[in-house]
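*Asks:* Here's a structure for you.
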Amino acid sequence: MTDQQQRLRQIPSVDRLQREFLQDGSLGLPRALVTEIIRREIESMRADLTGGDGAGVPDDVAGSIREQLHALSAARIQPVINATGVLIHTNLGRSPVTLAALERATAVASGYSNLELDLITGKRGHRGALAEEALACLCGAEAATVVNNCASALVLILRALAVGERREVIISRGELVEIGGGFRVPEIMETSGAILREVGTTNRTHLDDYRRVISPATAMLLKVHRSNFHMTGFVESPAMEELVALAREHALPVVEDLGSGAMVDTRALGASESEPTAAQCLAAGADLVCVSGDKLFGGPQAGIIAGRRALIRALKRDPFFRVLRCDKIVLTLLQETALACLEARSEEKPPLPDVAMLGLAAASCDELRARGERIVAALAAAGLPAGVKIEVTASEARFGGGTMPQCAMPSMALSVRGAAGGAEALAARLRRAEPPVIGHVGGDALSLDLRTVFPRQDEMLARALKAVFAGS
Ligand SMILES: *Cc1c(COP(=O)(O)O)cnc(C)c1O
């Protein structure tokens, strides 16, 4: 028998693997899916051994398929404890929405709703009318609308406003940025059909640079907020007011992609930096602004567009608007988040305690330390493995999500040293805990920052640590 034939005979049967993997229920995946994956893998290995050179067939066939199934099971979207200290973490679903908003969305989505029905007239209604009105009010805009995300908001704006003889969009070279996750301003602009007209240099762009290239082919002036990095030193770019004055001379619109989308002054949330708000940008004369729904706003993934009514109308008339429209769950979450922000404003409460995520930012370091010490005490009472040392230390939390790169907030973290296998191994075990805990490894310590851990999760965090220590 050749080597290939022998390996072929050693491949376990689908039935055997299925019984083995489904026995203890630990995968939590439906039998049909598990069986299908086993069948697919075994078939491709057989084909590789009969038709190919068998190079793609692992020595431990069962082990390799089990690993794949575990990876798939771990890929199930599920809650995790964010102990990274990064408030808006794109890998961890960006900003959490409030439970109040979610309750409303659950009720709406699990049954029928008046999504497109006018309850007064009984006729077809306008989708998301209140969400749009509330968002416009928050931004101090004539009108607002929403699409799938901020990237699609920008594409829609360019598609709708850079048309016909006027396709050129003037933008500073200093703003042709990459925001992460495949968002490169020049590429996004190209997909829209707009023609990029770059002016100035990476660090300095003057008003005259814009002035010089304005022509009958110009569609608009575009500003992109450098939300995820900071330039200092020999830098210059014209203020929004100056750009607006220039654009007015030529009857051109000015659009700003704000991305991070602060709706209130972030300094009021304990940040040392002030992120420009949509309202400030419009007050400075911008005709349209677009912001992400799931960054500083604390809503769901969405692109919020606010500004002049005539332009918002034009966007909504573009057939592409239909392609990018938000569903009822997103619209309900946006509606509730915007209403909660306005509620806070009218009660003169601190600006955004309603947004759960930013409510976290309001916790003092003393509170965080006290919570950390309670967790440490609970772990000590349960007994730590030999050599493990856990203490509460000062740390720095960040806003993240491409917002305020300069801005660190004082925080407190659990610092764990001396775990078996080192800090990386401990981090890996915690990622597989129930619920998964995501920390940050620095040197020989695993750091679990408490600013991004909801107080209601403290007990779960302690339990996850206990379970991981007990298993090691
Ligand atoms: C984050 C960001 C985007 C992308 O927003 P999405 O909602 O993720 O599409 C675009 N522009 C800027 C300036 C950003 O900060």
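The values are calculated or read from the model by the stated rules, or taken from the named source; none is laboratory data. Please read these numbers as outputs of a predicted model, since none were measured by experiment. Cβ placement follows ideal geometry from the backbone for every residue including glycine, while neighbour counts extend to all protein chains displayed. All accessible areas refer to the heavy atoms of the entire protein, side chains included, with ligands and DNA or RNA removed. Shrake-Rupley method; radii C 1.70, N 1.55, O 1.52, S 1.80 Å.
*Asks:* For H250, what accessible area in Å² do you get when you roll a 1.4 Å probe over the heavy atoms of the protein chains, rounding to the nearest 10?
*Replies:* Only protein atoms counted, so the area is about 70 Å².
*Asks:* Pop out the carbon and sulfur fraction of the accessible area of the chain as a percent, whole number, probe 1.4 Å.
*Replies:* Solvent-exposed carbon and sulfur of the chain make up 51 percent of the total.
*Asks:* Output the antiparallel fraction of DSSP beta bridges having both residues in region 117-200, as a percent to the nearest 5.
*Replies:* 45
*Asks:* What net charge do the residues around R197 carry, taking every other residue with its C-beta under 11 Å from that of R197, with Lys and Arg at +1 and Asp and Glu at -1?
*Replies:* 0
*Asks:* Follow-up. Using a 1.4 angstrom probe with every protein chain in place, what is the largest-first accessible-area order of L465, L119?
*Replies:* Working: L465 0, L119 125 Å².
The residues order as L119, L465, largest area first.
*Asks:* Work out which helices of the chain, taken as complete DSSP H runs, extend at least 18 Å along their axis over the Cα atoms and score a mean Kyte-Doolittle of 1.6 or more, then list them. Mind dumping the intermediate values first?
*Replies:* On the way: long enough: 31-51 (29 Å, -0.18); 61-74 (20 Å, 0.36); 328-346 (27 Å, 0.76); 365-382 (26 Å, 0.29); 458-471 (20 Å, 0.56).
Qualifying helices: none.
*Asks:* Can you tell me the accessible area per residue over the chain, all protein chains present, probe 1.4 angstrom, in square angstrom?
*Replies:* 48
*Asks:* A further question on this structure: Give me the net charge for the shell around I179: Cβ to Cβ below 10 angstrom, other residues only, Lys and Arg +1, Asp and Glu -1. Mind showing how you got there, number by number?
*Replies:* Values: positive: R184, R226; negative: E178, D257.
Residues close to I179 contribute a combined charge of 0.
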